[in-house]
1. What are the pairs with Cβ atoms under 7 angstrom where one residue, in segment B:11-32, is closer than 16 Å to residue B:223 by Cβ and the other, located anywhere, is of a type in the set (Ser, Thr, Tyr)? Sequence gap at least six, or different chains.
2. Is it fair to say residue B:223 is touching a strand residue (DSSP E or B) at 6+ places or on another chain (Cβ under 8 Å), at positive phi and touching a residue at least 60 places away in the same chain (Cβ under 8 Å)?
3. Going by the conditions given, is residue B:253 out of contact with any Pro (no Cβ under 7 Å at 6 or more places or on another chain), among the aliphatic types (A, V, I, L, M), within 14 Å of chain A (Cβ to nearest Cβ) and not in a helix (DSSP H, G or I)?
4. So residue A:58 ticks every box in (1) in contact with a Lys or Arg (Cβ under 6 Å, 6 or more places away or on another chain); (2) surrounded by fewer than 23 Cβ atoms within 10 Å (Cβ to Cβ); (3) in contact (Cβ under 8 Å) with a residue 40 or more places away in the chain but one. Which box is left unticked?
5. Those residues that are farther than 16 Å from residue B:90 by Cα and of a type in the set (Lys, Arg), I need them from segment B:118-164; list them, please.
6. Just give me the residues in segment B:46-60 being more than 12 Å from chain A (Cβ to nearest Cβ) and of a type in the set (Gly, Ala, Ser), in sequence order.
7. Considering only segment A:18-50, how many residues are free of Cβ contacts under 8 Å to residues at least 60 places away in the same chain and either touching a Pro at 6+ places or on another chain (Cβ under 6 Å) or aliphatic (A, V, I, L, M) (or both)?
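The values are calculated or read from the model by the stated rules, or taken from the named source; none is laboratory data. Keep in mind that this is a model prediction, so the values were computed, not measured. Reconstructed Cβ throughout: ideal geometry from the backbone, glycine too, with neighbour counts over all protein chains shown.
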Amino acid sequence: MAMPARLQEIVEEFADLPVELRLEALLDYSRRVPPLPERLAGHRDAMEQVPECQTPFFLATELGDGDRVTIHFDAPPEAPTTRGFAGILSEGLNGAAAAEVLAVPNGFYTALGLDRVISPLRLRGIAAILGRLKRQVVVQVEAEKGQARRR
Amino acid sequence: MSTAAELDPAPKLDAYAHPERLVTTAWLAEHLDDPNLVVAESDEDVLLYETGHIPGAVKIDWHLDLNDPVERDYVSGEGFARLMEAKGIRRDTTIVFYGDKSNWWAAYALWVATLFGHQDVRLLDGGRQKWVEEGRQLTTEVPRRDTADYPVVERDDAVIRAFREQVLEHIRGDGRLVDVRSPGEYSGELLAMPDYPQEGALRGGHIPGAANVPWKRAANDDGTFKSADQLRAIYEGELGLGKDDDIVAYCRIGERSSHTWFVLSQLLGFQRVRNYDGSWVEWGNSVRVPIERSSEPGPDPRLKAVG
């Protein structure tokens, strides 16, 4: 299965940029993280922390109709790089089917071409975000299946 | 030759061994236009400078600017000279470093500049956090500084930098070792978490004999350094470090231990302090080096050698 179309576009958009403009593009995405819905704002206990990120970073996923995935991120403004990753994943994955999200290669971020501007240890943060996000989706898909069987 | 910037006369700084290594936010705000002073921001987050920085400040990125792109090492003398020239810094320029995370990376950049013998390097006490919290001016405008001439100076790794082999020697002799990571990283517990390899090291724990003093103990909540008396109570009182001790500090990749290196050598005036920048990412991946996996410093390797 292919990557969700919007995520694929974002990856190509980064890859086409000269290296010195990729950071600017990431900064742009850091400004596009949607605010948390009211039920999650200030409720980090209802979200999962990603300790691989070096700053407090939290995520929550929800499964809607037709197995469409909604993802919420809580990342502090003083960590624009991590917020930028959140912005990419938010825009690239929100509304995609669960199966599409699970099919995103874990190393997709290497195609963004950020390795020359961001250190490898920091880039692992984005891999960790995706890994934890997928794990949540798997848990929810399994829970749905269980419920369907009981019905 | 133009003269170096004057010193910050703040009383707090006066109590440190080298008050000339620190400036306060209030002093810096008044000296942004000093002709031979350059403010340099060095952050963990590579995008933070772009979101707004101290007016006139240049960006020095630890990963892109200070590390060799291929080998795990710092740039060469030529590389450092090119960097300084591009940032408009001359050999006699006063560089004031500041950054996020209580100045981890700023201290690291200052330490690297010291490897190249740049004389007048200072840290902004409290770093980026304090400047922002005081509501001081920020700008997204990148300064256009004229390039400057900077000589090619060979890096001196002998005095303030330690390598793995030297650390092995160090723990067999009477060297003192300070692990500045969190207690969980020190005991090895953090690497033991199932499914979440985090630190890029195959083994967890610490170098035998190392005392655990997390870097954070030297900082106040606002990012400033603790007072000279408070620092002495920790490192001389609790830890029993003496002025002539041979001391090595390490963390995971050498950034947090740059902070402690600064405290020990510049603020407290210990004479022999080295930063082991290979740190845990190197030690915890090395074959056949001793590791202690507990929350205690562990057996003193000297005793083992005798037995």
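1. Between residues of segment B:11-32 that are closer than 16 Å to residue B:223 by Cβ and residues that are of a type in the set (Ser, Thr, Tyr), the close pairs are B:12/B:227; B:22/B:16.
2. No.
3. Yes.
4. Every listed condition holds for residue A:58 apart from (3).
5. Selection gives B:128, B:130, B:136, B:155, B:161, B:164.
6. Matches in segment B:46-60: B:56, B:57.
7. 10
Per-residue answers, yes or no, for (1) surrounded by 15 or more Cβ atoms within 10 Å (Cβ to Cβ); (2) touching a strand residue (DSSP E or B) at 6+ places or on another chain (Cβ under 8 Å); (3) at negative phi; (4) not in a helix (DSSP H, G or I):
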site: B:30; (1), (2), (3), (4): no, no, yes, no
site: B:39; (1), (2), (3), (4): yes, yes, yes, yes
site: B:44; (1), (2), (3), (4): yes, no, yes, yes
site: B:49; (1), (2), (3), (4): yes, yes, yes, no
site: B:71; (1), (2), (3), (4): no, no, yes, yes
site: B:78; (1), (2), (3), (4): no, no, yes, no
site: B:83; (1), (2), (3), (4): yes, no, yes, no
